[in-house]
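The values are calculated or read from the model by the stated rules, or taken from the named source; none is laboratory data. The shown structure was predicted, so the numbers you read here are calculated from the model rather than taken from an experiment. We place every Cβ from the backbone using ideal geometry, glycine too, and count neighbours over all the protein chains shown. The protein model used for the area step is the full one, side chains on, heavy atoms only, and it has no ligands, DNA or RNA in it. Shrake-Rupley method; radii C 1.70, N 1.55, O 1.52, S 1.80 Å.
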Amino acid sequence: VYLVESGGGLVQAGGSLRLSCAASGGTFSSYYMGWYRQAPGKEREFVSSISKTGVLTRHADSVKGRFTISRDNAENTVYLQMNSLKPEDTAVYYCAASDRATQPYSRSQYTYWGQGTQVTVSS
């Protein structure tokens, strides 16, 4: 599976961005999808995940109420709508896919990764 993220950029605090991740080379609906992020000098951390059908979603406490993950299986794309952005949201955001039968709960359980897209939030 090949994943390509887009939609990153520079935004002021309080603003919004929508990230997209386009998948190719596999059956998109058979993968759990997730978003992770990595800030300079920090480890890559979980942001959000979504089940294969899109019914179940999970978000990190730090983004709950501000970020929303969704997917369009017909378009082979997963999205991350980010609202009320804060400077601490600044990071490279990565899309990931897991072919596990059950929801992945760790970074190691995702098999495929995109190249990342930079999100910078200015104060």
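Odds and ends about this structure:
- Residue match in the stretch 40-59 (condition: within 17 Å of Gly15 (Cα to Cα), out of contact with any Ser or Thr (no Cβ under 8 Å at 6 or more places or on another chain), basic (Lys, Arg) and part of a loop (DSSP other than H, G, I, E, B)): no
- The stretch 32-47 residues that are in contact (Cβ under 8 Å) with a residue 60 or more places away in the chain, paired with ones that are small (Gly, Ala, Ser) and open to solvent by 10 Å² or more (accessible area, probe 1.4 Å) (beta carbon under 6 Å, 6 or more apart): Phe46/Ala60
- Test for Ser29: is it part of a helix (DSSP H, G or I), open to solvent by 40 Å² or more (accessible area, probe 1.4 Å) and farther than 19 Å from Gln115 by Cα: yes
- Residues located in the stretch 98-123, provided they are free of Cβ contacts under 8 Å to residues at least 60 places away in the same chain and assigned to a strand (DSSP E or B): none
- Every residue from the stretch 58-76 that is surrounded by 15 or more Cβ atoms within 10 Å (Cβ to Cβ) and either at pLDDT below 95 or not charged (D, E, K, R) (or both): His59, Ala60, Val63, Phe67, Thr68, Ile69, Ser70, Asn73, Asn76
- Residue, farthest from Glu5 (Cα to Cα), within the stretch 47-57, restricted to residues that are touching a Phe, Trp or Tyr at 6+ places or on another chain (Cβ under 9 Å) and open to solvent by less than 40 Å² (accessible area, probe 1.4 Å): Ser51
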